[in-house]
Structures are given as C-alpha cells and as structure tokens.
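Structure first, commentary second.
The values are calculated or read from the model by the stated rules, or taken from the named source; none is laboratory data. Small disclaimer: the values here were computed from a predicted structure and weren't measured. Don't worry about glycine lacking a Cβ; one is built from the backbone with ideal geometry, like all the others, and counts go over all protein chains shown. Areas reflect the complete protein model, heavy atoms only, side chains present, ligands, DNA and RNA absent. Shrake-Rupley method; radii C 1.70, N 1.55, O 1.52, S 1.80 Å.
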Amino acid sequence: MNHRRQHADGTVANGSGDHRDHAHAHGHEHGHSHAGHSHAGHSHAVAEDADRKWLSLSLALIVGYMAVEVVVAFAADSMALLADAAHMLSDAGAIALALWAMQLASRPVRGRFTYGFKRAEILSAQANGLTLLLLSAWLTYENIDRLLDPPEVGGGLVLVTALAGVAVNIAAAWCMSKANRSSLNVEGAFQHILTDLYGFIATAVSGAVVMTTGFARADSIASMIVVVLMVRSGVSLVRASGRIFLEAAPADLDPGDVGRGMVGLDGVVEVHDLHIWEITSGQPVLSAHVLVEPGGDCHAVRKSIQARLREDHGITHATLEVDHASERPAADAEARHCEEPHGTVLRKESPVH
C-alpha cells in the first residue's frame with residue numbers, strides 16, 4: 001500500500017519519499033506546474049481589473065437610467081416600460097453579482113478550497129439565469145390581464161423613453177463587450193444587457209404604434225416579446241451553468257474523442273477512469289488511469305499524452321495515473337487502482353503480447 005502525505009503546495013508524496021516522481025507507482029502526475037503554468041489559448045487570463053472597470057461603467061449606466069424609466073413607466077401607464085425597468089433591475093443585479101463573484105474568484109487558493117473560489121462565477125451565472133426566468137413568469141402573469149383589458153398608454157412617452165433606453169443599452173453593451181466574455185459569469189451579465197436592448201427596441205415600436213393608431217395592446221405585446229427573449233437567455237445560462245455544476249464534459253469536448261486520441265498514442269494499451277469536467281468556464285480538467293505496454297516508458301507516455309491534450313483540446317490541467325499493463329490479461333483487474341473502473345474505458349483493438 002502506498003501512503004501519501006499532502007504538502008503545503010497541494011502536492012502529494014509517498015510515505016517513503018522516494019517514489020514521488022514515478023507515475024507508474026500509482027502516483028498522480030499533473031500536466032502543469034502552478035508556478036509556471038501558462039493558459040495560452042484561454043481568454044480567461046484577461047486582466048480582472050479591466051473587466052471590473054467595464055462592468056462598473058455598465059452598472060452605473062444601467063442604474064441611472066433605470067430610475068428614470070420607472071418614473072416614466074408609471075406616468076405613461078406602460079407595462080412595456082415597466083417590464084424594461086424590471087429587466088434593468090435584473091441587469092443591475094446581474095452586473096453587481098458578476099463583480100462580487102469576480103472578486104471572490106480572485107482570492108488565492110488556500111485551506112479546504114483547493115480550487116479557490118473560481119466556481120463562484122458559475123453560481124453568479126446561474127443566479128442570473130434563474131432571475132431572468134422568474135421575472136419572465138411575473139411579467140407573463142401581469143400581461144395576461146392587460147391583454148384582456150388594456151389601459152390607456154402614453155405612446156409618446158413610451159417611444160421617447162424607449163429610444164433613449166436603446167442608446168443607454170448600446171453603450172452598456174459596448175462596455176460589456178470589452179470585458180472577458182469567455183467567462184460564463186460575464187456572459188450572463190452581457191446576456192441581460194443584450195436582452196434589454198432588444199426589449200427597448202420592441203417597446204419603441206409599440207410606443208410608435210400606440211401613438212399613431214391607438215392600439216393599446218401593442219404595449220403588452222411588446223412586453224411579451226421581452227419575456228420570450230428573457231426566457232431564451234435564462235434557459236441558456238441555467239443549462240450552461242448546470243453542466244459545470246454536474247461536472248459534465250465541456251460542450252465542445254467529446255470524452256470519447258479525447259480518449260481515442262489518448263489510446264491511439266504509441267505505447268498506450270488502455271485508458272479508463274477517464275473524466276473531463278470544468279472548474280469554471282474555460283478551464284477544463286481531465287483525470288484518467290492509463291495502462292502502457294509491459295516494459296514501456298511510463299514517463300514518456302505521460303508526457304506525450306499531456307502534449308496531445310494541450311495541443312488538440314486545450315486541456316492544460318491533466319492528472320494521469322500511469323501503470324504498466326499486465327502481461328496476463330486475467331490479472332489486469334488486479335493492476336487497476338479500483339475494483340470497478342468508472343468513467344470512459346477505451347482499449348487498443350490489438351491485444352498485448
């Protein structure tokens with residue numbers, strides 16, 4: 001039995017201290033060094049201060065105009081404007097939550113939180129998605145009554161306010177586009193802004209219709225268009241964040257393809273216990289147990305696998321347990337580190353001789 005002790009830097013060594021560098025001794029090898037690790041090709045390395053600056057500017061624009069819109073919505077008795085104002089409130093909450101999550105995620109790794117608080121950004125994204133869905137339900141309920149018995153709506157006020165809202169949201173969306181949108185957290189806040197922009201356009205059209213034709217139901221119809229856009233964005237965010245919480249493989253990575261690429265390398269006999277998940281958006285992680293040909297070079301195989309994962313799939317954090325395959329197939333089960341292999345299992349078609 002191998003006994004391991006955990007070091008302050010998170011590495012684990014065998015109790016004897018003399019097998020730390022041997023992957024075939026059931027030790028775990030990582031595909032990177034935290035001290036000199038490069039995330040080339042992953043845009044989540046964008047300066048966090050830059051993100052905070054652009055998000056804060058967007059937040060100031062949204063909060064300032066939201067206060068104006070609430071006053072005008074009641075003055076014009078416009079459900080469409082009130083829907084836009086409610087959505088702007090969710091915009092403000094989304095951006096504030098994104099800023100908070102960004103601050104939390106930047107904390108250094110320590111203690112029991114071995115990945116730090118990076119997944120706080122995914123909590124923020126999921127909260128943004130759920131907020132959109134809850135607001136959609138409330139607005140739908142309110143609009144049913146107004147469609148049946150539409151009130152008088154000040155079309156001129158609605159049109160002017162909506163056009164101004166379009167300008168404000170374009171400015172806010174431009175600010176958000178300067179931030180790192182590969183982060184699901186930032187993308188969630190951006191989707192709020194983008195949905196609100198489309199909503200203002202629909203509201204402006206409804207204001208023009210009410211002002212020129214007197215068709216008051218146009219206001220509620222515009223509000224329902226906003227609801228549809230909110231549901232679309234909300235479902236997308238909840239689905240994407242849910243995949244990360246359930247530790248599913250990233251949408252753009254097929255574990256079968258990744259495993260076949262690994263087992264196709266020279267010297268590799270079998271790959272099992274293959275797991276791929278994301279710590280947070282844009283940070284995929286892989287772990288696997290690899291069996292190499294009897295007498296093969298475990299270290300060389302491990303390095304070639306890590307290079308393939310980095311170059312072909314952008315996976316720079318890979319934990320690989322590399323062992324020699326048994327020459328006796330019946331004894332293979334004894335060579336594995338667990339009684340019941342789990343995750344994806346792939347073997348070479350040709351048997352080991």
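Scan Leu229, Leu237 and give me the residue that is assigned to a helix (DSSP H, G or I) and open to solvent by 30 Å² or more (accessible area, probe 1.4 Å).
Numbers: Leu237 fails: open to solvent by 30 Å² or more (accessible area, probe 1.4 Å).
None of the others qualify; the one that does is Leu229.
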For this session: Could you list all residues from region 114-135 that are without any contact (Cβ under 8 Å) to a residue 12 or more places away in the chain and either under 13 Å from Ala240 (Cβ atoms) or open to solvent by 30 Å² or more (accessible area, probe 1.4 Å) (or both)?
Result: Leu134
Exercise. Of the numbered conditions (1) in contact with a Lys or Arg (Cβ under 7 Å, 6 or more places away or on another chain); (2) in a helix (DSSP H, G or I); (3) open to solvent by less than 10 Å² (accessible area, probe 1.4 Å), Gly261 satisfies every one except a single condition; which is it?
Worked result: (3)
Exercise. Given the conditions (1) modelled with pLDDT under 90; (2) not in a strand (DSSP E or B); (3) not acidic (Asp, Glu), which single one is not true for Val345?
Worked result: (2)
For this session: Go through the residues of region 140-153 one by one and say whether even a single one is touching a Leu at 6+ places or on another chain (Cβ under 8 Å), open to solvent by less than 30 Å² (accessible area, probe 1.4 Å) and not hydrophobic (A, V, I, L, M, F, W, C).
Result: no
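Name the residues in region 156-193 that are of a type in the set (Ser, Thr, Tyr) and open to solvent by 30 Å² or more (accessible area, probe 1.4 Å), would you? Quick ask: steps written out before the conclusion?
Restricting attention to region 156-193, the residues satisfying the condition of being of a type in the set (Ser, Thr, Tyr) are 161, 177, 182-183.
Matches in region 156-193: Ser177, Ser182.
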Exercise. Restricting the search to region 284-303, which residues are open to solvent by 30 Å² or more (accessible area, probe 1.4 Å) and part of a loop (DSSP other than H, G, I, E, B)?
Worked result: Glu293, Pro294, Gly295, Asp297
